[in-house]
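Written below as structure tokens is the structure these notes are about.
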Amino acid sequence: MHFKLVLVFVEDSKTEAVIQAARESGATGCTVINHARGEGIEKHKSFFGLALSGQRDVLLLLVEKHLSRQILERIAEVGEFDDKPGTGIAIQIDVEDAVGVLRQSEILVEVVEDQL
């Protein structure tokens, strides 16, 4: 079984909705890193040196490669990444090898076979 790592940088107010959408699209789990900070093209506004931007979360999803694109597209839709600037981004990268995913692989075999 081959995996991709989907990295999602999202406003913390949308984290739960994005996780739910990913799960409905075939993701079997997620790791959340809270209170990340970032900056895009436009700098964040500040008030006496304090940033006025909302918190971000980083979501890490190890997903089966045949499901990765539909998960990525659904995350982008729910997170409104293309509709509203600054709401977040999501990327996927190839995973060369993974351990500790035996249970996930057993579940995903049936799902992927049905789709192929």
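The values are calculated or read from the model by the stated rules, or taken from the named source; none is laboratory data. No experiment lies behind these values; they were computed from the predicted model shown. Reconstructed Cβ throughout: ideal geometry from the backbone, glycine too, with neighbour counts over all protein chains shown.
Whenever a residue of the stretch 73-87 is on the phi < 0 side of the Ramachandran plot, its partners that are surrounded by fewer than 15 Cβ atoms within 10 Å (Cβ to Cβ) and of a type in the set (S, T, N, Q), lying with C-beta atoms within less than 9 angstrom and at least six residues away or across chains, give the pairs Val78/Gln20. Here Glu96 clears all of (1) at pLDDT 90 or above; (2) surrounded by 12 or more Cβ atoms within 10 Å (Cβ to Cβ) except the condition numbered (2).
Take the conditions touching a Leu at 6+ places or on another chain (Cβ under 8 Å) and farther than 13 Å from Val8 by Cα and apply them to Glu64. Does it pass? Step through it out loud before you land on a result.
Numbers: touching a Leu at 6+ places or on another chain (Cβ under 8 Å): yes; farther than 13 Å from Val8 by Cα: yes.
Considered against the rule, which asks whether it is touching a Leu at 6+ places or on another chain (Cβ under 8 Å) and farther than 13 Å from Val8 by Cα, Glu64 comes out as yes.
Within the option set Gln55, Gln20, being loosely packed, with under 15 Cβ neighbours inside 10 Å and at pLDDT 95 or above holds for one residue only, Gln20.
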